[in-house]
Amino acid sequence: MMKDPVCGMTIDPAKAAATRRVKGQTYYFCSDTCVEKFDLDPAIYINPSESNSSLLVERATPISLTTGVSDGTGEHVRVELPVAGLDCAMCVQTIERSLENVEGVQDVHVNFALGKAHVVYDQDLVGLPELTETIKRAGYEVGLAETQLRIVEGLHCASCVRTIEKAVSRVPGVLDVTLNPATDKASVRYIPGETNLQAVRSAVESTGYSVVRSAEEPEGIDEETAAHQREYRGLMRKFWFAAAISLPVMLVAYPEIPWLYLPNRFLNEVSESLIRLLFALSAVATLPVMAYSGRQFFTGAWAAFKHHSADMNTLIALGTSAAWIYSTVAMIAPKVFPEGTATPFYDVAAVVTALVVLGQALEVRAKGQTSQAIRKLLDLQAKTARVLRDGRELEIPVEEVLVGDVILVRPGDKIPVDGEIIDGRSAVDESMVTGESLPVDKNVGDEVIGATVNTTGSFRFKATKVGKDTALAQIVKMVQDAMGSKAPIARLVDVVSSYFVPIVMIIAILTFLIWFNFGSSQALAFAVVTAVTVLIIACPCAVGMAVPMSLVAGVGKGAEHGVLIRNGEALQTASGLKTIVLDKTGTITKGKPELTDIVPAEGFDANTLLQYAASADLLSEHPLAQAIVIGAKERAIDLIEPSDFNAVPGHGVETVIDDHEVYIGNLKLMRRHKIDLIEISVDAERLQAAGKTAMFVAIDGKPAGVVAVADTIKEDSVHAIQVMHHLGLEVIMLTGDNERTAQAIARQVGIDRVLAEVLPEDKAREVHMMKARGEKVGMVGDGINDAPALVEADVGFAIGTGTDVAIEAADITLMSGSLRGVAYAIEISRATMRNAKQNLVGAFVYNTIGIPIAAGVLYPFFGLLLSPIIAGAAMAASSVTVVTNANRLRFYKAKEFSA
């Protein structure tokens, strides 16, 4: 008999209405009411001191929650999903109905107060990703967490990747896992409380690998570099050990080689018993090579076998052990084999192990170079900061700077953290973060970015963001996340790679059988050699590394130029874009009005006109008025304080300056004071036709001229759009401005098509219509109103100087705020995908040609049979070639555009 933990009733386990299993303990319930109370917070009834803890139900038995009768299906799983956005009872009903319609879901209960959905489902019919996606489609978000794990040493193969991903994905509560062999990092999305980091670690370790760090235990780039160096040194030690033993083993194995003439002349003259002794010594000598230098192949193969899979380790372990076993049997009992076939070849076991380990060492070193972009970013960080505390200037490590600290920056200093200038002015070189080559003027109230360089003046600023919140830290985080992601083409390659090793093993077996049954007098020896050669020459590493290595190099190169690519899918999609849609304000233009034209009437000069116009607007807060005032100050015009200032809404300004009545505004204001504008109306119309806002100026009742203000075009917009055209892109402007202004801007920058007077809520619809016509669309914007269109586009580009909402919604962020970044992003994405395809084609061609040659297809025609040693060298070279080709992207320069 068992006790119900909720009501305390003693019940027969066989007659329990339901059961729950928590932390290995099974609990039995008398009714649905008790089990529902238990589900709300199991800890209350298990351990009252742990109320609202993370104790969660692990499994639900296949027993009906209402009748207690088994439903006859497979094992059911119960999960507790935290749901965000529950505002009312209707939300609960919406989620419950949505989940109930999913095949395999047995029971759903959504708790509105706790914001959690309790779901019982058949794991053979549905999984966690489908459940969370269903809730998302219903308009709600599931509270998920993400962590990154770094796999230590030995990750060289796409099949290894699949083995680890499968093991981790089977952990209850894990939604998905993405492992990038180029960075040795796994990104795991999971439901907090349903699983924990230790369970994920255990899953990884069950495959024969180990986890060294996680997001909860941050690892610096120096530590990561040191880890790569340790792995490289370890592999090189194994290589030199294997190479040292391989040389004497080869002396025994190849008496016909001319450069071994003297020692082999001696061998030919000694007795057969001594030769057998030398072979026996070779057998003993190669064992430590396989046990030490090749240990990772055998442990990896065993771990893969336990997970019912096979990988590169399997191929190498089978090939070298088959060669060693065959050689040993041939040495001990040569009469077992047909005459002339009992020839030991221990050199294969030793030399192949040495060559493959050397290839892995070179691969590790090359992989370490791919993260140089992140190292370069982190090297930008200042090491110390001059902080003013209690009236004293202190130089402290940058890690000790606190939000609110006042920091002193002198000429040539690196700015240690993000902040806002409170005193002084200067020009700051932001090229290392934004890619902009020219220094940016900074005054009081302007923001400064950590890791940028102060060039001329001195200033003090207040720290607003420190540590992981700084712009530099966020950039590094985004780049690391992108490097750890997978492009769609990489996922396809992973699927192909999962079948690669089993197919190679089948080919090796068929090769052995064909040679054994249809070969020459030495059929058995040839059968063993060809089968071993097939196993060794096959290279799943090259196939698996082809895309990830290119992706890491491409993302890093983009980051160096201020182009932050969110993930591999964005990079791959950007390479295929055909249409670029540009928002006008803040994207093509600077996003703020500037004084552009001063056209004086007869009897006035330009400086006098501007002095009166700017003085009249001196007290106005209107953006157009401020643009005129700023323009006058930049031209060193002395301004006069106005008197009798009167701002007329929708008209302009009426004021008195030095006893002169001055009016500045639109046509309505001039008509109100009956000013004759015939003399200057033509100039005003010309300026308005160019998309500028023309304002009339009258002094003492006479027209004095026209001043024009406009949201001016960014200096490099014209060139950037020209480059986009050269890349074969159609460029479209999408703006809420009137048709005349939009067309004027389009003519100046050379845009193909204009969609004007589009309301903010209609921008996403316009992008959707373009996609419906089959166009691959990229949207570039900077404002909150652009966010829906950025999400709707195939690729959203956010101007880094824009709003956080737009940046969050985008796939690619342009730190410089320049359209040059769009062109560069597309160029680097195309170069990256071109590089990845080169790697893939090379890897597949290598295997397509190499495996048949290893199987002996050339022997009947040319009498050529590939040596397993050459196969091992080719296999190692193919992996190194892929990594080296990917690293070429580090030196990539855009052909038509230099960011």
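Report whether or not Ile503 is free of Cβ contacts under 8 Å to residues at least 60 places away in the same chain and open to solvent by 40 Å² or more (accessible area, probe 1.4 Å). In short, yes. Selection of segment 753-783 for residues being touching a residue at least 24 places away in the same chain (Cβ under 8 Å) and under 18 Å from Leu819 (Cα atoms) yields Val777, Gly778, Met779, Val780, Gly781, Asp782, Gly783. The set of residues from segment 627-647 being more than 13 Å from Tyr612 (Cβ to Cβ) and open to solvent by less than 20 Å² (accessible area, probe 1.4 Å) comprises Ala627, Gly631. So Ala710 passes all but one of these: (1) closer than 28 Å to Asn738 by Cα; (2) part of a helix (DSSP H, G or I). Which condition number does it fail? The single condition Ala710 does not satisfy is (2).
Name the residue that is farthest from the chain's Cα centre (by Cα), counting only residues in segment 712-736 that are over 16 Å from Ala690 (Cβ atoms) and open to solvent by 40 Å² or more (accessible area, probe 1.4 Å). For segment 712-736, the residue satisfying everything is Gly736.
Restricted to segment 403-420, and to residues there that are of a type outside the set (Gly, Ala, Ser) and open to solvent by less than 10 Å² (accessible area, probe 1.4 Å), the residue that is nearest to Arg392 (Cα to Cα) is Ile407.
For segment 301-316, the set of residues classified as open to solvent by less than 10 Å² (accessible area, probe 1.4 Å) and more than 17 Å from Pro868 (Cα to Cα) consists of Ala303, Ala304, Asp311, listed by residue number.
Please go through segment 688-747 and give me each residue that is among the acidic types (Asp, Glu) and at pLDDT 85 or above, ordered by number. First the steps, then the outcome.
Of the residues in segment 688-747, the ones among the acidic types (Asp, Glu) are 700, 711, 715-716, 730, 737, 739.
If the condition is that a residue be among the acidic types (Asp, Glu) and at pLDDT 85 or above, then Asp700, Glu730 are the ones that fit.
Of everything in segment 595-625 that's charged (D, E, K, R) and under 26 Å from Asp644 (Cα atoms), which residue is farthest from the chain's Cα centre (by Cα)?
Step one: filter segment 595-625 for residues charged (D, E, K, R), giving 597, 602, 605, 617, 621.
If we keep only those that are under 26 Å from Asp644 (Cα atoms) too, we end up with 605, 617, 621.
Numbers: Asp605: 58, Asp617: 50, Glu621: 44 Å.
The extreme case among them is Asp605.
Among the residues examined, Ala301 qualifies as among the hydrophobic types (A, V, I, L, M, F, W, C), touching an Asp or Glu at 6+ places or on another chain (Cβ under 9 Å), closer than 18 Å to Ala508 by Cβ and at pLDDT 75 or above.
Can we say Asp737 is in contact (Cβ under 8 Å) with a residue 12 or more places away in the chain, among the charged types (D, E, K, R) and assigned to a strand (DSSP E or B)?
The answer is no for Asp737.
Of all residues in segment 491-500, which are in contact (Cβ under 8 Å) with a residue 24 or more places away in the chain and either of a type outside the set (Gly, Ala, Ser) or more than 17 Å from Ile164 (Cα to Cα) (or both)? So that I can check it myself, show each step before the final result.
So in segment 491-500, the residues in contact (Cβ under 8 Å) with a residue 24 or more places away in the chain come out as 493-494, 496-498, 500.
Matches in segment 491-500: Val493, Asp494, Val496, Phe500.
From the set of residues in segment 293-319 that are in a helix (DSSP H, G or I) and among the charged types (D, E, K, R), which is nearest to Ala531 (Cα to Cα)? Restricting to residues being in a helix (DSSP H, G or I) and among the charged types (D, E, K, R), the top hit is Arg295.
Among the residues of segment 737-753, the ones that are surrounded by fewer than 19 Cβ atoms within 10 Å (Cβ to Cβ) and more than 28 Å from Met670 (Cα to Cα) come to 5 in all. Listed conditions (1) open to solvent by 50 Å² or more (accessible area, probe 1.4 Å); (2) hydroxyl-bearing (Ser, Thr, Tyr); (3) in contact (Cβ under 8 Å) with a residue 24 or more places away in the chain are all met by Thr655, apart from (1).
In a residue-by-residue description of segment 664-677, the property of being part of a strand (DSSP E or B) and open to solvent by less than 10 Å² (accessible area, probe 1.4 Å) applies to at least one position. Residues in segment 678-706 that are surrounded by 16 or more Cβ atoms within 10 Å (Cβ to Cβ) and charged (D, E, K, R): Asp683, Lys692. Restricting Asp676, Asp711, Asp683 to those that are in contact with a helix residue (DSSP H, G or I) (Cβ under 9 Å, 6 or more places away or on another chain) and touching a residue at least 60 places away in the same chain (Cβ under 8 Å) reduces the list to Asp711.
Annotation note: of Thr195, Thr207, the sole residue that is at pLDDT 75 or above and surrounded by 16 or more Cβ atoms within 10 Å (Cβ to Cβ) is Thr207.
Between a residue in segment 286-312 that is more than 24 Å from Ser169 (Cα to Cα) and any residue that is basic (Lys, Arg) and assigned to a helix (DSSP H, G or I), which pairs come within a Cβ distance under 6 Å, given they are 6 or more apart or on different chains? As it stands, the answer is Ser293/Lys238, since those pairs meet every condition given.
The values are calculated or read from the model by the stated rules, or taken from the named source; none is laboratory data. Owing to the predicted nature of the structure, the values given are computational and were not obtained by experimental measurement. Quick reminder, even Gly has a Cβ in these numbers, built from the backbone with ideal geometry, and neighbours come from all protein chains shown. Quick note on the areas: whole protein, heavy atoms, side chains included, nothing else; ligands and nucleic acids left out. Shrake-Rupley method; radii C 1.70, N 1.55, O 1.52, S 1.80 Å.
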